[in-house]
Amino acid sequence: MGANVPINSNYVVPPRNPIVATEQRFAFQFPLSLLLQERVYSWSGDDFNITDLMGTPYFRCGGRVFSFRQKKVISDVFGMPIYNIKHELMSLRGRFKLYLGEDSSRVIASVDPVDTFGSIHSINFFNIATGQNDYLELANDALGSRCGVFHGSAKAGAPLICRINKQYDAKNFYFGKQNYVVEIAPGVDAALMIGLGIIFDELKNESD
């Protein structure tokens, strides 16, 4: 069962204050749409191609050799690790933590299910831009084909700051690939949003 929230809103909107969990440089001052393209066979070790709509690379994601249940590392275009995502194996399904860099023990964000059906997840993090703890929600639709990231409670009408849409393509379906378009509002940490897109993909795989 999906969340009854307005993921289909026409536009993502910039937050009142910047939202930054990783680095200020990733909170771009313009709306950004990134392609999150799964790589089934990759000699580079990257799990996803992450580019804009023109093909310009923005981030890298590696970790297939370890499997998701250990960690995935999000890096910048130069291969410098930004943070890694780990599935919390000893807890309930759908819990993840994001750790600074590749091997650090410093948690920068926690992702936890809010409802019984796992259609809404909370993201708790320290907002570097404001110097305060902050809160987002990741809410998916009934079909699991799209989700929204809200700055606050989704059901309470919090602003939609990012939308993640699954791309349907016959070729991708044949090869078992999952591709997404990640629409990010200005002033929102794009590196964090890409990680949430990857977590959304993992949650879908768990449900399937």
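Given (1) buried (at least 18 other Cβ atoms within 10 Å of the Cβ); (2) at pLDDT below 85; (3) of a type outside the set (K, R); (4) out of contact with any Leu (no Cβ under 7 Å at 6 or more places or on another chain), identify the lone condition not met by G94.
Of everything listed in (1) buried (at least 18 other Cβ atoms within 10 Å of the Cβ); (2) at pLDDT below 85; (3) of a type outside the set (K, R); (4) out of contact with any Leu (no Cβ under 7 Å at 6 or more places or on another chain), G94 misses just condition (4).
What residue, of K171, K204, K166, K177, is modelled with pLDDT under 95, in contact with a Ser or Thr (Cβ under 6 Å, 6 or more places away or on another chain) and of a type in the set (D, E, K, R)? Lay out the reasoning, then the answer.
Values: K171 fails: in contact with a Ser or Thr (Cβ under 6 Å, 6 or more places away or on another chain); K204 fails: in contact with a Ser or Thr (Cβ under 6 Å, 6 or more places away or on another chain); K177 fails: in contact with a Ser or Thr (Cβ under 6 Å, 6 or more places away or on another chain).
Just a single option satisfies the conditions, and that option is K166.
What's the number of the only condition in (1) part of a strand (DSSP E or B); (2) loosely packed, with under 15 Cβ neighbours inside 10 Å that F117 fails to meet?
It is condition (1) that F117 fails.
If you check every pair at least six apart or on different chains, which have Cβ atoms under 6 Å apart with a residue in the range 100-126 that is within 16 Å of H87 (Cα to Cα) first and a residue that is of a type in the set (D, E) second?
Qualifying pairs under 6 Å: S122/D112; S122/E137.
Which one is nearest to the chain's Cα centre (by Cα) among residues in the range 100-132 that are aromatic (F, W, Y) and modelled with pLDDT of 95 or more? Before you say what the answer is, go through the steps one by one.
Pass one, the range 100-132, residues aromatic (F, W, Y): 117, 125-126.
Now restrict to residues that are modelled with pLDDT of 95 or more: 125-126.
Numbers: F125: 14, F126: 16 Å.
Within the range 100-132, the match that is nearest to the chain's Cα centre (by Cα) is F125.
The values are calculated or read from the model by the stated rules, or taken from the named source; none is laboratory data. On a predicted model such as this, the values are computed, not experimentally measured, just so you know. In this analysis, Cβ positions are derived from the backbone assuming ideal geometry, glycine residues included, and neighbour counts consider all displayed protein chains.
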